[in-house]
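Below are the structure tokens for one structure; questions will follow.
The values are calculated or read from the model by the stated rules, or taken from the named source; none is laboratory data. Given the structure is predicted, the values throughout are model-derived calculations rather than measurements. All accessible areas refer to the heavy atoms of the entire protein, side chains included, with ligands and DNA or RNA removed. Shrake-Rupley method; radii C 1.70, N 1.55, O 1.52, S 1.80 Å.
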Amino acid sequence: MSDLFWQDKKVLVTGADGFIGSQLAAELVSQGARVYAMIFNPNKPLNPILAAVKDRLAEIVIGDVRDFKFLSDFFTAKEIDTVFHLAAQPIVSLAFADPLPTFEINIWGSINILEASRRSAHLERLVIASTTHVYGDNKNLPYLESYFPQPSRPYETSKACVDILAQTYFYTYNLPVGISRCTNTYGPGDLNFSRLIPKTMQTVLSGANPEIVSGTAKRDFIYIADAVSAYLTLAANLSRPEVRGQAFNFGSGRVYSAMDVAETILKIANQPELKIDLLPGELRKEIEEQYVSIAKAKELLGWEPQHTLETGLQETYNWYKNYLSQ
């Protein structure tokens, strides 16, 4: 991908106030794209990563992906050539408690994005944000893109539905769409302190012992800069027939337990007086092992992660230390 590839591209990022969306928008701005950052709630404070580039955005767009006419008119008026669709209801517990809004936002909103893209005279590439959780509790590890999705909960099911819809639009209409399935993503700008890494860092920075449930569950953790690189690389390759319509796993290619992650954070924090409080595993029912193969992304896209867990966590810790001190 040329260093000038994104120069003057007209890019819409939906869910731009989210963790990944804000980082993606910021990186696109730095590479010269005209970025339209779409957010749903104008009363919610902007993610600090997005706020830092606010004045360099083409526009902050207030909109709802469930409004097809709005999307279709916007695509035409702004001559959008690239869409990164990250807008979603991502909280698993909320989807479990009340699935209908999650299905409406995640599935119907994505249908509107796909259809608006199909009707657009300017659209050249569309990346749909999925998740590696669509593979469900599959014992055949690492997960391959060829595995049939077997989600068991509303959130993962909504994302699996969107994957199939995206592929339908490719096979039926030759829509230049690609599907990104990232593993557990972490890094600066993640303000969901219920997640393992933000929660552990917040606790350690407050001088308290971090609490880990079970600690044995094994996952792949991808640093945000590598995730953003994955999105951009996939989008830039959607002109290639062998890439269009395909799903790609993106991860670090390494597997770590929750205990491994917490111990690495304590080492980075250099607070030997703190220890990890291990809570019983039955407090949270979760799949014991989930990780993916990234061989397809390496082979077809030439993409590889550039950060180790240690380097990624160090950069993340530095950011939280500064952010939380404010």
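Which lysines, on any chain, are close to K44 with Cα under 28 Å apart, when same-chain ones fewer than 8 places away are left out?
Once the sequence-local lysines are set aside, what remains near K44 is K9, K10, K54, K69, K78, K159, K199, K321.
When the accessible area of region 180-312 is computed with all protein chains present and a 1.4 Å probe, what percentage of it is carbon and sulfur? All intermediate terms of the calculation are to be shown ahead of the outcome.
Working: 2750 of 5770 Å².
Result for region 180-312: 48 percent of the exposed heavy-atom area is carbon or sulfur.
How many percent of Cα pairs in region 35-84 exceed 17 Å?
Details: 443 of 1225 pairs.
Result for the distance tail: 36 percent.
Also: Return the whole-Å distance between the Cα centroid of region 262-326 and the Cα centroid of region 109-179.
Taking the Cα centre of each part, region 262-326 and region 109-179 sit 26 Å apart.
Under 10 Å, Cα contacts only: if you run a Gaussian network model on the chain, which one of L278, L232, L114 comes out with the highest mean-square fluctuation?
So, out of L278, L232, L114, the one fluctuating most is L278.
Hey, another quick one. Along each of its three principal axes, how wide is the spread of alpha-carbon positions in region 253-326, in whole angstrom units, largest first?
46, 35, 22
What accessible area per residue comes out for the chain, rounded to a whole number of Å², with a 1.4 Å probe? Don't skip to the end; give the middle numbers.
Working: 14820 Å² over 326 residues.
I get 45 Å² per residue for the chain.
For the chain, just list the percent of Cα-Cα distances falling in each 20 Å bin from zero outward, please.
Reading the bins upward from 0: 32, 60, 8, 0.
Rg and Dmax of region 161-272, Cα atoms, in Å?
Both quantities, over Cα of region 161-272: 18.0, 59 Å.
Please give the calculated 222 nm ellipticity per residue for the chain, where each DSSP H segment of at least 4 residues contributes -39500 (n - 2.57) and the sum is spread over every residue; nearest 500 deg cm²/dmol? Mind showing how you got there, number by number?
Working: 11 runs with 121 residues, N = 326.
Dividing the helical sum by the residues of the chain leaves -11000 deg cm²/dmol.
Turning to a different aspect of this structure: For region 73-95 and region 180-214, what is the separation of their Cα centres, given in Å?
Distance between centres, Cα-based: 26 Å.
Then there's this: Within the accessible area of region 52-179, what % is carbon and sulfur when the probe is 1.4 Å and the other protein chains stay in place? Numbers along the way, then the final one.
Details: 3290 of 6010 Å².
Here carbon and sulfur together make up 55 percent of the probe-accessible area.
Could you list, bin by bin from short to long, the percent of Cα-Cα pairs of region 1-136 in 5 Å steps?
2, 10, 20, 23, 20, 14, 7, 2, 0, 0
Counting alpha carbon pairs within less than 8 Å and at least 6 residues apart, what relative contact order, in whole percent, applies to the chain?
Rounded, it is 16 percent for the chain.
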